[in-house]
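The structure appears below as structure tokens.
Only the coordinates and a few stated rules stand behind these numbers; no lab work does. Since we're looking at a predicted model, the values are computed, not measured. Cβ sites come from the backbone with ideal geometry, for glycine too, and all protein chains shown count toward neighbours.
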Amino acid sequence: MTPDQVVSRLESGMTLGIGGWGSRRKPMALVRALLRSEVTDLTVVSYGGPDVGLLAAAGKIRKLVTAFVTLDSIPLEPHFRAARERGAFDLVELDESMFMWGLTAAAHRLPFLPTRAGLGSDVLRVNPQLRTVTSPYADGEELVAVPALELDAALVHVNAADARGNGQYLGPDPYFDDLFCAAAQQAYLSCERIVDTADLLKAGAPQTLLIKRADVTGVVETPNGAHFTSCAPDYDRDEAFQRAYAQAAADPEAWAAFERRFLSGDEDAYQAAVTNFRQEAQR
């Protein structure tokens, strides 16, 4: 599929999971295609980074479920910060492990899973909708019942995939992309390159085959498709571009110019503009 074909399957009002972590291995080509669409009123579920920031800046988020929204080397995503300060959308802020447990519950088609995470913290205070349960066994322990984070669709990015939807990560961390796919009714996998199935096993150990084809609806080959986030070992985060993004976000006129230069066209236009940006920086 192409990024635009993926987005044509999405509808306003959906609950959309976005894989990756902060400013690492985000499916940015798919996010950029989503920006070009009319899809809006989304509930976004993400260990957030610039995916959340861009969608917030475009006014496409109705509700955000997250554990954080960061650019890693820039601690707080600036568009997210601005959107929260003006109350642009509802926020469900969970502990990182509670978030993972919610995805796990959805992947296993369970209504919730119990955890100790959140007990004795303000997570329960700021999320009064969360409930506790008592263990039915002799310990009688009180636990937090983390509700399933059920997704209508998921978008994730990996290093390589085959045409059937088997996805492989080659960097230091799988994050939770496999859970996003398993928790979703439809999942779309973008990758740096599509290869023959046999070549997946040549490239890495069996545990790098993170995503199962049974959980994937469509595959998109998008070289540099995680830019400006990292996709190790293929490329690191583009720190110079990320700084330019964050600086532009602080000023409406600067952001309008950034959008015209980098976000007004299709993915090929974006990648060409990034190449020009790098060439200018080297002069």
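Distance between the 7 Å Cα→Cβ label points at ASP251 and SER97: 4.5 nm. Converting phi to 3J(HN,Hα) with the Karplus coefficients 6.51, -1.76 and 1.60 and the offset θ = phi - 60°, region 219-234 yields 10, 10, 8, 9, x, 6, x, 8, 4, 9, 6, 7, 9, 5, x, 5 Hz in sequence order, with x at every glycine or proline. Per residue, the Cα convex hull of region 239-282 amounts to 63 Å³. Approximating the spin labels as points 7 Å out from Cα along Cα→Cβ, the ASP4-to-GLU142 distance works out to 5.6 nm. For the chain, the share of DSSP beta bridges that are antiparallel, to the nearest 5, is 30%. The alpha-carbon atoms of the chain, seen along their principal axes, cover 69, 50, 32 angstrom, with the largest extent given first.
Residue order for ASP268, ASP152, ASP162, ASP236, fewest other beta carbons within 10 angstrom first, comes to ASP268, ASP236, ASP152, ASP162. Antiparallel beta bridges, as assigned by DSSP with both residues in region 2-94, represent about 5 percent of the total such bridges. Applying 1/(1 + (r/R0)^6) with r as the Cβ-Cβ distance of ARG193 and GLU239 and R0 = 22 angstrom yields a FRET efficiency of 0.40. Per-peptide packing, taken as the mean over residues of other Cβ atoms within 10 Å, places 199-205, 12-18, 79-85 in the sequence 12-18, 79-85, 199-205 from highest down.
A cut-off of 5 Å between modelled amide H atoms, ignoring neighbours fewer than 5 places along the same chain, links VAL39 with no other residue. Can you give the FRET efficiency to the nearest 0.05 for ALA272 and ASP90, using r as the Cβ-Cβ distance and R₀ = 41 Å? After rounding, the FRET efficiency stands at 0.65.
Rounded to the nearest whole Hz, the Karplus-based 3J(HN,Hα) values (6.51 cos²θ - 1.76 cosθ + 1.60, θ = phi - 60°) of region 70-86 follow the sequence 9, 9, 6, 6, 10, x, 10, 4, x, 5, 4, 4, 5, 5, 5, 5, 9, with x at glycine and proline.
Less than 5 angstrom separates the built amide H of PHE176 from those of GLY20, all sequence-distant by 5 or more or on a different chain.
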